[in-house]
Amino acid sequence: MSKIKSVFTSAKDAMDAAPLDRPSKSNTPIEQTRWNGWGNVNINKKVSPHGAKLIKATIGKTKKLSSVSLDAALKTVPKSRLPAAITDLDIVSTDTEVRLRHARGQSFADWIAMHSGEFEVFPDGVAMPESTHDVERLLALAAEHDIIVIPYGGGTSVVGHINPQPSKRPVLTIAMGKMDKLLALDDESQLATFGAGAQGPAVEAQLAEHGYRLGHYPQSWELSTLGGWIAARSSGQQSLGYGRIEQMFAGGTLVTPQGVMSIADIPASSAGPDLREMMMGTEGRAGIFTEVKMRVQPQPEEEIFKVVFLPNWEAGKQVLRQAVQSNIKLSMLRLSNAAETNAHLHLGTSPTQFMAIGTYLKARGLGDQKVMLTYGVTGDKAQNKLALTQFKKLLSQHGGVSGKLADLMGKIWAHGRFKFPYLRGTLWEKGIMVDTFETATNWANIDEQMQQMQEAVQSSLADEGEQVMAFTHISHVYRQGASLYTTYFFRAAKDHASTLARWQKIKHAASTSVANGKATISHQHGVGRDHAPYLAAEKGALGLQVTADMLKSLDPDQRMNPGVLLSDDSSLS
């Protein structure tokens, strides 16, 4: 074990010296964010040489795609079509760079557009309201002048939520970033009222000043917003302990084209359909959330993340299912299959560290089918001690291997948990294309669904003689089932258009494998435009019609984010 500790000394020192993922008090200024990639311009995530070698051993030698400059991209932004009644408002900008930075999200297609310079369509202006009244005024002017409205939170959508589409009508993007303050705190009911534009770090920093935590930590936490989480029915990494966003959202204010809807923050009700549930997941089609009331919790006394290795996928899956069904009070469970475990060990270690880990685990009886399980406890020390005791007993029954090595890896994971999206940019520079998709299904269907998803992706470019590398993990668990999250890598083609065509083949194969299974088209990313064609398999014709009728009642002119959620907007006519 001393050898294992010694090879990790440098990693631990680096972890201790680096700034932690601590909450900041304000949103990242737009000038500090990448205009054609993810996150803060001052943050990068390295790829280990043997990690990149592993990927290329599957997909082949790669070549980087070209990238246009910001100056070149700005020259493609056309003149605004908005009327003076809107452009004269102090809260509206028609600046070309502001419009460019709000034209695309973070989907693979968005990255291709941003790096090629082929944005296609830009918003004609970007409004930055500071109050519910501002949003009401903007929607009234949009109706008066027949303008399309796109709500914008943190710009982190990976399924096409915020992209303007070709239209004769001008497009106004309403960016909610200035409405990011904690407005009220009810200590007795443990309810916090926020502006819906508050990003993850701002939410937690403001709550921490009062001794509270929301506990919603999607991987996009650094940039995504409360309003976006609610509109897309988001799930955070610690959903096992804190719940999904629907357990946290208590009520608030939704500004619609038909007026303001106040959603009461009642703890429970049998008074007909729940408006809170009905408006969640509407993805900007029903209106714009401006103020939201969130159920918060006191800051925990202790929080611990650990890693353990198990002999195989079946053992890991049984541990997860039994843990959640027996109500062990963990806050997080995440299980990587054997392929992802191998990839993570390559990507997250030096060659020396990788060899030492492999030697250690092999000596403990774990071979090539080993899987990595990351877990956490959050709460008071006595509660955590009991949960860890119960869980370790379960792990022991299934051949779990842990120790100081695993504890250190858990700390490293927690330290960099919001930095993984930056890896995409690093791989892009190497000509390695990466994307993800996710779903949820019942425990009885987990294995079959995972196999279908991976096989569909891996064979999707066979007609081009191309290999796709794919692996999967369970990211969220429930008594009934779990989510499956698949990551895949493929080679950039000769140009941007050909590379996009490759991705479209993979995306269609992946989405079809989900739609044909007993699974949801999206567990946490929402529907957007990319998933809309596959929604009927889950909702059925009548379900889509009910949704369309509800949206039409609030937005009869199809002004709010048309084409998102429902791909056939003729159903709203």
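The values are calculated or read from the model by the stated rules, or taken from the named source; none is laboratory data. Remember, it's a predicted structure, so these values are computed and weren't measured experimentally. So basically every Cβ, Gly included, is an ideal-geometry build from the backbone, and we count neighbours across all protein chains shown. Keep in mind that these areas ignore ligands, DNA and RNA; they rest on the heavy atoms of the full protein, side chains included. Shrake-Rupley method; radii C 1.70, N 1.55, O 1.52, S 1.80 Å.
Along the positive direction of the dipole of region 210-367 (beta-carbon charges: Lys, Arg +1; Asp, Glu -1; about the Cα centre), which of PRO267, ALA338, SER224 reaches farthest? The residue sitting most towards the positive pole is ALA338.
Label-to-label distance for ARG81 and GLN390 is 5.9 nm, based on points extended 7 Å past Cα in the beta-carbon direction.
Simple rule: put +1 on each Lys or Arg Cβ and -1 on each Asp or Glu Cβ in region 402-533, find the dipole, and look at ALA532, ALA414, TYR478; the Cα lying farthest toward the positive end is ALA414.
Over region 23-164, the fraction of Cα-Cα pairs per 5 Å bin, rounded to whole percents and listed from the shortest bin up, is 2, 8, 15, 18, 18, 14, 11, 6, 3, 3, 3, 0.
A straight chain from SER350 to LYS430 at 0.36 nm per residue would run longer than the Cα-Cα distance by 26.9 nm.
Spin-label model, GLU455 to LYS168: label points 7 Å out along the Cα-to-beta-carbon direction sit 4.9 nm apart.
If R0 is 60 Å, the Cβ-Cβ spacing of SER69 and GLN480 corresponds to a FRET efficiency of close to 0.75. To the nearest Å, what is the center-to-center distance of region 179-212 and region 31-46, using C-alpha atoms only? That distance is 26 Å. Calculated FRET efficiency, SER553 and ASN516, Cβ-Cβ r, R0 41 Å, to nearest 0.05? That pair, SER553 with ASN516, gives E of 0.80. Computed from backbone phi with θ = phi - 60° and the Karplus coefficients 6.51, -1.76 and 1.60, the 3J(HN,Hα) list for region 154-159 is x, x, 9, 4, 10, 9 Hz; x is used for glycine and proline. P(r) tail, region 280-389: Cα-Cα pairs separated by more than 16 Å, 70% of all pairs. Out of every Cα-Cα pair that region 394-551 contains, those further apart than 22 angstrom amount to 53 percent. For region 339-383 and region 440-516, what is the separation of their Cα centres, given in Å? Result: 24 Å between the Cα centres. With helices as the sole contributors, the chain gives -11000 deg cm²/dmol at 222 nm; each DSSP H run of n ≥ 4 counts as -39500 (n - 2.57), and the sum is divided by every residue. Note on HIS508 and VAL260: with the Förster distance fixed at 51 Å, the Cβ-Cβ geometry gives a FRET efficiency of about 0.80. In this structure, the amide hydrogen of GLY251, modeled 1.01 Å from its nitrogen in the peptide plane, lies closer than 5 angstrom to those of LYS293, counting only residues at least 5 positions away or on a different chain.
Taking max minus min of the alpha-carbon positions on each principal axis, region 227-294 gives extents of 37, 26, 18 Å, largest first. Of the accessible area of the chain, computed with a 1.4 Å probe over protein heavy atoms only, carbon and sulfur atoms account for 51 percent. How much of the calculated P(r) for the chain lies past 31 Å, in percent of all Cα pairs? Counting pairs separated by more than 31 Å, the tail of P(r) holds 49 percent. Taking the DSSP beta bridges in the chain as the whole, what percent of them are antiparallel, to the nearest 5? If we restrict to bridges inside the chain, about 85 percent are antiparallel.
Here the label points at THR359 and LYS53, each 7 Å from Cα along the C-beta direction, are separated by 1.7 nm in the simple model. Rounded to whole numbers, the Karplus 3J(HN,Hα) couplings from phi for region 409-414 are 5, x, 5, 5, 4, 4 Hz, using 6.51 cos²θ - 1.76 cosθ + 1.60 with θ = phi - 60°, and x at Gly and Pro.
The stretch between ASN44 and ALA271 holds 76.7 nm of extra length on full extension. This uses 0.36 nm per residue minus the Cα-Cα distance. Rolling a 1.4 Å probe over the heavy atoms of the protein chains gives the chain an accessible area of 42 Å² per residue.
For region 178-319, what Kirkwood radius comes out of the mean inverse Cα-Cα distance, in Å? This gives a value of 16.2 Å. Computed over the alpha carbons of region 30-103, Rg followed by Dmax gives 18.9, 58 Å. Using C-alpha pairs under 8 Å with a sequence gap of at least 6, the mean separation divided by the residue count of region 464-550 gives a relative contact order of 17 percent.
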